[in-house]
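The values are calculated or read from the model by the stated rules, or taken from the named source; none is laboratory data. If you're wondering where the values come from, they're calculated on a predicted model, not measured in any experiment. Cβ placement follows ideal geometry from the backbone for every residue including glycine, while neighbour counts extend to all protein chains displayed. To get the accessible areas, we keep the full protein, side chains included, count just its heavy atoms, and leave off ligands, DNA and RNA. Shrake-Rupley method; radii C 1.70, N 1.55, O 1.52, S 1.80 Å.
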Amino acid sequence: MLVIRLLLASVLASYLAACQTTGSTGSTASFTTNSTPRASAFMAVGREVVAPFGYIGFCQRNPGDCEKHSASTPQPFHLTEARWRELVEINDQVNQSVRPVEDRALYNREEWWTYPAQKAGDCEDYALLKRKLLLERGWPQEALLISVVKEWSGSGHAVLLASTDNGEFVLDNQNWEIVNWQDAPYTWIKRQSQQNPFAWVSIATPYNSTTATASQGRSAPREKLSAWDEMPAAPNTGTAPRTITSAMAN
């Protein structure tokens with residue numbers, strides 16, 4: 001029974017981790033105060049879960065990019081206008097310079113998480129590169145979280161989430177506009193833990209069907225998470241949801 005469950009988990013995880021390679025859409029974002037602050041601006045996370053298999057392989061090949069560099073308790077990262085412009089600059093730079101190409105076409109294998117090779121890659125490669133470039137700009141690990149989501153069609157996708165004291169924002173290769181996570185047309189499944197970049201936690205916040213309908217022009221299916229999505233790997237190490245109290249600092 002355990003072997004069957006693990007095989008099923010492997011298939012489900014591979015499907016969820018797969019991402020679409022449609023081209024980037026939208027226009028280059030400019031500085032804005034974004035959406036009005038709201039009490040639920042920070043997503044609630046649940047228990048620790050198994051990381052995507054592609055990410056585990058990436059960490060085996062790049063251990064230095066998955067190590068925890070700080071022993072302190074993560075603190076909300078202060079989002080200034082200068083830091084916002086860095087998000088926009090890096091998001092635009094990567095979206096412009098990388099062509100969307102599936103892993104099978106590039107590497108003849110599935111779910112090969114890596115930095116874009118030959119200026120091409122799929123969704124997780126975009127997210128990994130954006131995270132790397134922002135880390136080089138001085139952003140802390142706990143503020144840059146690779147996240148796995150589902151599109152309205154049920155297809156898997158990966159994005160980079162910038163977690164700040166003013167909200168959590170989505171850097172996406174399918175939309176150049178950086179938006180609050182609640183305004184992205186996705187079902188949020190899991191993301192990196194803020195305590196440890198190698199660990200992943202489930203996302204406990206319910207799906208926002210209103211946003212997805214407005215963004216996609218159709219109703220998005222409410223799908224129950226699979227057994228794989230809910231499978232715990234260790235006791236909960238997630239952070240508690242916080243309440244946003246002020247607009248973006250100038």
Legend entry - From 161, 144, 129, residue being over 10 Å from the mean Cα position of the chain (by Cα) and of a type in the set (A, V, I, L, M, F, W, C): 129
Inset, instruction - Output the number of residues of the stretch 56-67 satisfying the condition of being small (Gly, Ala, Ser) and either open to solvent by 60 Å² or more (accessible area, probe 1.4 Å) or not in a helix (DSSP H, G or I) (or both). - result: 0
Legend entry - Single condition residue 105 does not satisfy, out of (1) in a loop (DSSP other than H, G, I, E, B); (2) farther than 23 Å from residue 197 by Cα; (3) aliphatic (A, V, I, L, M): (1)
Inset, instruction - Kindly list the number of the only condition in (1) part of a strand (DSSP E or B); (2) surrounded by 24 or more Cβ atoms within 10 Å (Cβ to Cβ) that fails for residue 130. - result: (1)
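To keep it simple, each residue is scored yes or no on (1) within 13 Å of residue 172 (Cα to Cα); (2) assigned to a helix (DSSP H, G or I); (3) open to solvent by less than 20 Å² (accessible area, probe 1.4 Å).
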residue	(1), (2), (3)
54	no, yes, yes
69	no, no, no
79	no, no, yes
83	no, yes, no
Inset, instruction - Among what's in the stretch 147-158 and is open to solvent by less than 10 Å² (accessible area, probe 1.4 Å) and within 14 Å of the chain's Cα centre (by Cα), pick the residue that is farthest from residue 85 (Cα to Cα). - result: 156
Inset, instruction - Name, by its number, the condition in (1) in contact with a strand residue (DSSP E or B) (Cβ under 9 Å, 6 or more places away or on another chain); (2) β-branched (Val, Ile, Thr); (3) open to solvent by less than 10 Å² (accessible area, probe 1.4 Å) that does not hold for residue 101. - result: (3)
Legend entry - strands (runs of 3 or more DSSP E) contained entirely in the stretch 144-250, each with at least 2 residues that are closer than 16 Å to residue 41 by Cβ, of a type outside the set (A, V, I, L, M, F, W, C) and modelled with pLDDT of 50 or more: 156-164, 167-172
Inset, instruction - Tell me, please, whether a residue that is within 18 Å of residue 55 (Cα to Cα), touching a His at 6+ places or on another chain (Cβ under 9 Å) and either among the hydrophobic types (A, V, I, L, M, F, W, C) or surrounded by 18 or more Cβ atoms within 10 Å (Cβ to Cβ) (or both) can be found in the stretch 113-123. - result: yes
Legend entry - Which numbered condition residue 92 fails, given (1) surrounded by fewer than 20 Cβ atoms within 10 Å (Cβ to Cβ); (2) at pLDDT below 95: (2)
Legend entry - Odd one out for residue 104, checked against (1) out of contact with any helix residue (DSSP H, G or I) (no Cβ under 7 Å at 6 or more places or on another chain); (2) within 19 Å of residue 184 (Cα to Cα): (2)
